[in-house]
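Values quoted throughout were computed directly from the atomic coordinates according to the rules given, and no laboratory measurement underlies them. For clarity, every value in this text was computed on a predicted model and none was experimentally measured. Neighbour counts are summed over all protein chains in view; Cβ atoms, including those assigned to glycine, are modelled from backbone coordinates with ideal geometry.
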Number of protein chains: 2
Amino acid sequence: MADAGWPGCSKSLKGVVLDMCGVLYDSGEGDGVSPSVEALKASDLQLRFCTNETQATREKFVAKLQRLGFDICVSEVFSPAPAAVAVLKERGLKPHLLVYDGVLPEFDSVDKTNPNCVVIGDAAEKFSYQNLNEAFRVLINLEKPVLFSLGQGRYYKETDGLKLDVGVYMKALEYACDLKAEVIGKPSPMFFQSVLNDMGLQPSETLMIGDDLVNDVGGAQHCGMKGIQVRTGKYRASDEKHPTVTADGTVDNLAQAVDLILGQRGH
Amino acid sequence: MADAGWPGCSKSLKGVVLDMCGVLYDSGEGDGVSPSVEALKASDLQLRFCTNETQATREKFVAKLQRLGFDICVSEVFSPAPAAVAVLKERGLKPHLLVYDGVLPEFDSVDKTNPNCVVIGDAAEKFSYQNLNEAFRVLINLEKPVLFSLGQGRYYKETDGLKLDVGVYMKALEYACDLKAEVIGKPSPMFFQSVLNDMGLQPSETLMIGDDLVNDVGGAQHCGMKGIQVRTGKYRASDEKHPTVTADGTVDNLAQAVDLILGQRGH
């Protein structure tokens with residue numbers, strides 16, 4: 001169990017998981033890191049992508065990245081909506097959805113009549129008083145209310161400013177109904193485990209690279225993976241002295257992380 | 001300190017505080033209890049009214065009750081908005097308001113330029129994604145963010161169903177900004193104390209009658225007052241075996257409470 005530190009651990013790695021927004025691209029800037037993705041793909045490492053994006057289907061999201069020059073396909077991308085669909089089917093639950101219109105097609109295969117649970121995503125403008133009331137009434141009328149939240153983010157940055165994220169509305173409904181939501185997506189261990197399962201790797205063989213210290217780095221570490229933070233996206237200088245989460249390494253950007261990893265492996 | 005139980009304590013009472021919605025009237029039914037208010041007024045007891053209503057000014061609210069036949073005037077009514085105005089002025093704070101339009105006139109005398117705090121009330125339909133984002137951005141840009149919440153209710157009942165109350169949005173903003181709101185209104189001890197101050201009475205001389213076990217009864221008891229619950233309004237049978245709050249007495253309605261109180265006092 002002699003765990004090598006970062007970047008020494010790179011030698012024993014078999015897989016890398018990349019967060020997308022803030023790592024692959026940053027507020028619209030797409031170039032600069034696509035060669036890093038190509039370099040990882042050309043290596044003997046397995047590569048997966050992992051996002052809490054819930055405003056679009058993976059198809060749409062991946063198409064956008066392909067247009068930005070990324071070599072990426074839908075089956076490599078893990079996002080909360082398909083993970084939620086799997087959970088719903090496994091448990092025979094029929095959801096009332098409060099999600100962004102763009103992600104609705106992910107739920108096409110799910111029976112939504114007579115809902116017996118609620119799923120909320122980053123619904124943005126759809127988080128109206130009326131829509132939140134509707135979700136609340138579904139929950140409060142259930143004998144055993146179940147709320148799934150696609151992520152638990154507080155807020156994110158768009159070109160026109162900070163926007164409230166799904167976690168805020170999760171807390172609202174938790175308080176209204178006196179319940180605890182089940183979070184699907186990062187930092188849920190189940191979510192990271194599904195990526196590991198897909199790669200057929202152990203946590204100790206896998207490295208997560210993200211810009212979100214708590215959800216990317218902390219979530220991965222909680223599963224036994226290594227977690228590296230990039231100084232792009234939602235990175236803040238204060239992350240480097242965070243009270244509970246310490247990244248295994250911090251790098252300026254994805255390109256630097258990939259250089260270090262592949263350099264250690266003698267590429 | 002030989003505290004008589006209920007209704008025995010009635011003999012030593014000097015004042016009664018009544019919650020309004022759910023006690024004086026219940027989903028539109030106004031009659032039946034206005035004679036009880038008259039009987040209290042005709043007694044030697046002081047009487048005040050105390051509400052977490054934040055959708056209208058006290059003037060409008062009282063006018064509605066007068067039309068329903070209640071002998072009641074504005075100076076007898078304590079509600080969160082004027083209490084908030086007093087706190088804002090005392091602390092030199094300028095609020096960004098996220099409240100129902102009907103209550104805005106209560107804040108007429110307050111400087112709202114360059115806000116350095118946020119006040120939220122039961123804003124109902126005004127709790128849009130955009131408006132909540134605006135309040136959030138004010139808070140997150142303050143060096144020391146201050147959030148006041150006019151009450152902390154989870155939900156209330158209207159003729160067309162259950163509606164989310166201000167507490168739900170308080171929790172949302174608390175999570176978004178990683179802060180703790182200051183609650184103004186029931187069950188805040190400061191709020192009950194302001195009613196006691198107005199009557200010039202000690203808590204032990206005063207009885208609160210409400211339909212909300214936690215906010216009315218529990219809040220009053222926390223201040224040293226006695227708290228009686230009526231089985232009207234938002235009363236639920238489960239309140240009578242609540243894990244943390246036990247009313248000093250439970251009665252079917254205000255009329256029964258007043259009969260018992262005045263009966264004990266030999267009226």
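To the nearest 20 Debye, how big is the dipole of chain B about its Cα centre, given +1 on the beta carbon of each Lys and Arg and -1 on that of each Asp and Glu? Let's see the in-between values first.
Working: 27 positive and 36 negative charges, 88 e Å.
In debye, rounded to 20, chain B gives about 420.
Taking 7 Å steps out from each Cα toward its Cβ at A:Lys94 and B:Asp252 produces label points 4.2 nm apart.
Using 7 Å Cα-to-Cβ label points, what is the B:Arg231/B:His267 separation (nm, one decimal)? Calculated label separation equals 2.3 nm. With no solvent and one point on each alpha carbon, what is the Debye value of log10 I(q)/I(0) for chain B at q = 0.13, 0.14, 0.15 Å⁻¹? The calculated log intensity ratios at q = 0.13, 0.14, 0.15 Å⁻¹ are -0.84, -0.96, -1.09.
For chain B, modelled as a GNM whose springs connect Cα atoms under 10 angstrom apart, the maximal fluctuation among B:Val217, B:Val245, B:Val87 occurs at B:Val87. For the range B:231-267, list residues with backbone N below 11 Å from a point placed 7 Å from the Cα of B:Lys11 toward its Cβ? Taking a point 7 Å out along Cα→Cβ of B:Lys11, the residues of the range B:231-267 whose backbone N falls under 11 Å are B:264-266. Local charge sum around A:Thr57 (other residues, Cβ-Cβ under 12 Å, Lys/Arg +1, Asp/Glu -1)? With Lys, Arg at +1 and Asp, Glu at -1, the net is -2. Secondary-structure-derived ellipticity at 222 nm for chain B, considering helices only, amounts to -9000 deg cm²/dmol, per-run term -39500 (n - 2.57) for DSSP H runs with n ≥ 4.
Helix B:189-199 and the longest principal axis of the Cα set of chain B meet at an angle near 50°. Count Lys and Arg as plus one, Asp and Glu as minus one, and take only other residues whose Cβ is under 9 Å from that of B:Asn215; the net charge is then -2. Dipole magnitude for the range B:80-184: computed about the Cα centre from +1 point charges on Lys and Arg Cβ and -1 point charges on Asp and Glu Cβ, it is near 240 debye.
With both bridge residues required to lie in chain A, what share of the DSSP beta bridges run antiparallel, to the nearest 5%?
Values: 5 of 34 bridges.
Bridges in chain A that DSSP calls antiparallel: roughly 15 percent.
Normalised by residue number, the volume inside the convex hull of the Cα atoms of the range A:81-184 is 98 Å³ per residue. Averaging sequence separations of C-alpha pairs under 8 Å and six or more residues apart, then dividing by the length of chain A, give the relative contact order as a whole percent. Contact order relative to length: 21 percent.
Placing one equal scatterer on every Cα of the range A:190-250 and applying the Debye formula, the log10 ratio I(q)/I(0) at q = 0.26 Å⁻¹ is -1.01.
Each of B:Arg231, B:Arg137, A:Arg58 was scored by other Cβ atoms within 10 Å of its Cβ. Listed from fewest to most, they are B:Arg231, B:Arg137, A:Arg58. For B:His222 and B:Gln55, the FRET efficiency from 1/(1 + (r/R0)^6), where r spans their Cβ atoms and R0 equals 25 Å, is about 0.45.
If you take the Cα centroid of the range A:219-240 and the Cα centroid of the range A:109-153, the two points sit 30 Å apart. When chain B is treated as a GNM with alpha-carbon contacts under 10 Å, the residue of B:Ser12, B:Ser75, B:Ser238 showing the greatest mean-square fluctuation is B:Ser238.
Relative to the longest principal axis of the Cα atoms of chain B, helix B:80-91 runs at roughly 60 degrees. Roughly how tilted is helix B:254-264, in degrees to the nearest 10 and between 0 and 90, from the longest Cα axis of chain B? For helix B:254-264, the angle is close to 50 degrees.
Label point of A:Glu143 (7 Å along Cα→beta-carbon): distances to the other copies' equivalent points are 5.7 nm, sorted ascending. Among residues other than B:Thr246 with Cβ under 13 Å from its Cβ, the summed charge is -1 (Lys and Arg +1, Asp and Glu -1). A:Met190 label point (Cα plus 7 Å toward Cβ) to equivalent points in the other copies: 4.2 nm, shortest first. Normalising the average separation of contacting C-alpha pairs (under 8 angstrom, six or more residues apart) by the number of residues puts the relative contact order of the range A:143-205 at 30 percent.
Just checking the listed ones, A:Glu76, A:Glu158, A:Glu240: in the Gaussian network model of chain A with Cα springs under 10 Å, the one fluctuating most is A:Glu158. Ascending distances from the B:His267 label point to its copies in the other chains, with the point 7 Å along the Cα-to-beta-carbon line: 8.5 nm.
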